[in-house]
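Laboratory data are not the source of any read-out in this text; all were calculated from the coordinates shown. Fair warning: this is a prediction, and the values are worked out from it, not measured in the lab. Cβ coordinates were reconstructed from backbone atoms using ideal geometry, including for glycine residues, and neighbour counts include every protein chain displayed.
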Amino acid sequence: MTLLGIIGGQELIIILLIVLVLFGAKKIPELMRSFGKGVKEFKDGMNGVQDPEKNATTDSSKTEKTE
């Protein structure tokens, strides 16, 4: 959290204005949506790494039902 201590209110506003100028107002929601999907996929991947036994049992039960 030291990064948030370095970046103040004025700096944050300047960064947001630069992003707005570079990408435009129409493109920002799309970028944020993509960013959110990426974070979700990353969290799902981390959950899979942390609990491989749970994923293995659910995967095997799915294959048994389809056969």
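With 0.36 nm allotted per residue and the present C-alpha distance subtracted, the VAL49-LEU20 stretch has 6.8 nm of extension available. Applying 1/(1 + (r/R0)^6) with R0 = 22 Å to the Cβ-Cβ distance of GLN10 and MET32 gives a FRET efficiency near 0.45.
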